[in-house]
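Q: Questions regarding the structure given below will be posed in turn.
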Amino acid sequence: MKLLHLDSSALGGHSVSRQLTADIVAQLKRQSPTLEVRYRDLAAQPLPHWAPLADADDPAAILGNQVLEEFQAADTVVIGAPMYNLSISSQLKAWIDRVVVAGQTFRYTANGPEGLAGGKRVIVASSRGGSYHEGPYAAMDFQENYLRAVLGFIGISQVEIVRAEGLAVGDRQKTEALASARASIAALTPQRARAA
Ligand SMILES: Cc1cc2nc3c(=O)[nH]c(=O)nc-3n(C[C@H](O)[C@H](O)[C@H](O)COP(=O)(O)O)c2cc1C
């Protein structure tokens, strides 16, 4: 079984989402030691923004194909997704623009779009300074809600969220947020093989 581990926080060693994705992957690996892990750091090695290409030998085309292939091969994808200005980081968006591809991971039909990437498990490590999962700011959550929507668009309905929010509110809230995220990680179920 293959796991793709992605980070997209620009904060390096101080990043909460990076800490959480590392803990998630460690937990799944403990449960399934044969899990093959592929790592991609979308902040340290940012992908170029999507653009039309002159030919298939273009390095951006080759990299784009590699990114799409490693996504398609993965049974599980662990995504570190900090909230930046109510949404995801542009580094993560550049990755999404490489994997949401008509004819590959979804197609348009007479009955509307159809996802072709179903069967994968996605675990999102969501970190944010404020709180959005309920209350007056819930309607401004274009990070978790966007990820669920775009992954659903390509057929992925199994999206689990490990959330640490309210990180900038105060020390007590940060400690509670991290404890809550760690409890979600401890409760993750072992990876099962994808249905053929
Ligand atoms: C550019 C930038 C924009 C941010 N925008 C928001 C925001 O809109 N809402 C929020 O709650 N926190 C916001 N934050 C705070 C981050 O979500 C928070 O620091 C989180 O821990 C970042 O994840 P990381 O620790 O993995 O880098 C922002 C942080 C940065 C650097």
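The values are calculated or read from the model by the stated rules, or taken from the named source; none is laboratory data. Keep in mind that this is a model prediction, so the values were computed, not measured. Reconstructed Cβ throughout: ideal geometry from the backbone, glycine too, with neighbour counts over all protein chains shown. For accessibility, only protein heavy atoms count, side chains too; no ligands or nucleic acids. Shrake-Rupley method; radii C 1.70, N 1.55, O 1.52, S 1.80 Å.
Q: Pull up the cross-link candidates among the lysines for K174, meaning alpha carbon to alpha carbon under 29 Å and not fewer than 8 places away within one chain.
A: K29, K93
Q: Would you mind pulling out the separation of the Cα centroids of segment 148-178 and segment 8-27, in Å?
A: Using only Cα atoms to place each centre, the spacing works out to 13 Å.
Q: Still on this structure, please answer the following. Setting aside same-chain residues fewer than 8 positions from K2, which aspartates and glutamates have a Cα under 15 Å from its Cα?
A: Qualifying aspartates and glutamates at Cα under 15 Å: E36, E69, E70, D75.
Q: Please list the three semi-axes, largest first and in whole Å, of the ellipsoid equivalent to segment 108-196, using sqrt of 5 times the eigenvalues of its alpha carbon gyration tensor.
A: Working: eigenvalues 173, 69, 9 Å².
Each semi-axis is the square root of five times an eigenvalue, giving 29, 19, 7 Å.
Q: Using each residue's phi in segment 154-164, evaluate 6.51 cos²θ - 1.76 cosθ + 1.60 at θ = phi - 60° and report the 3J(HN,Hα) Karplus result to the nearest Hz, with x for Gly and Pro.
A: 9, x, 9, 9, 8, 10, 9, 10, 9, 10, 10
Q: I need the P(r) histogram for segment 2-186: all alpha carbon pairs, bin width 5 Å from 0 out to the longest distance, whole percents.
A: Here the calculated profile for segment 2-186 is 1, 8, 16, 20, 20, 16, 10, 6, 2, 1, 0.
Q: I've got another one for you. Rolling a 1.4 Å sphere over the protein heavy atoms, what is the accessible area per residue of segment 1-114, to the nearest Å²?
A: 50 Å²
Q: So, with a 1.4 angstrom probe, what is the percent of accessible area on segment 2-186 that is carbon and sulfur?
A: That fraction is 54 percent.
Q: Could you tell me the relative contact order of segment 2-186? Use alpha-carbon pairs under 8 Å, at least six residues apart, and round to a whole percent.
A: Value for segment 2-186: 23 percent.
Q: If each residue of separation counts as 0.36 nm, what is the full-extension length gain between Q158 and Q72 once their alpha-carbon separation is subtracted?
A: Computed gain between Q158 and Q72 is 29.4 nm.
Q: Calculate the spin-label point distance for V37 paired with A110, positioning each point 7 Å from the Cα along the beta-carbon direction, and give it in nanometres.
A: 4.8 nm
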